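Every number here is computed from the coordinates shown, using simple stated rules; none is lab data. Computed from a prediction, not measured in an experiment: that's the story for all the values here. Backbone-built Cβ (ideal geometry, glycine too); neighbour counts: all protein chains shown.
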Amino acid sequence: MMDLNETLKILSSPMRRMVLTWLKDPQASFQGYSQIYDFSVYGVCASHIQDKAGLSQPATSLCLKALSDHGLVVATKVGKWTYYKRQEQQLAATLTDLLHELEVDAGLLQMISPTSDTVA
């Protein structure tokens, strides 16, 4: 389990949050971009993320590495390309940990996530 404080630091970057938002629906977010594999197979090629973000290659790599190191995305290397997919379970676990640490009312947690079995 990643440290909540460290993960929140990673999520404090607007660009990292934007990348996570794009990866939620890559078909819509990267419409017009083409790659060998469908987005559902490995995710989105790092070069597409770099282009859309308007970042340099080193800045893009640092952004994606931070997300990957904290389990928020999974990186898959195929040949010379690296693809990224959002990790829904880790994002949900981070939010759940934060809500529990803040002692958010259990009833409110149920309203936010009615299928959650791990309510304070």
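One table, with the values for the structure above:
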read-out: Cut-off under 5 Å, modelled amide H: who pairs with V78 long-range; value: Y83
read-out: Test item: Cα-centred dipole of the chain, Lys/Arg +1 and Asp/Glu -1 on Cβ, debye; value: 700 debye
read-out: Helical mean residue ellipticity (222 nm; -39500 (n - 2.57) per DSSP H run of 4+; nearest 500) of the chain; value: -16000 deg cm²/dmol
read-out: Reachable aspartates and glutamates, given that their alpha-carbon falls under 14 Å from the alpha-carbon of K85 and they are not under 8 places away in the same chain; value: D25, D38, D69
read-out: Interchain or long-range residues, amide H under 5 Å from V73's placed H; value: S68, Q87
read-out: Hits among lysines - C-alpha to C-alpha of K80 under 25 Å, sequence gap 8 or more where chains match; value: K24, K52, K65
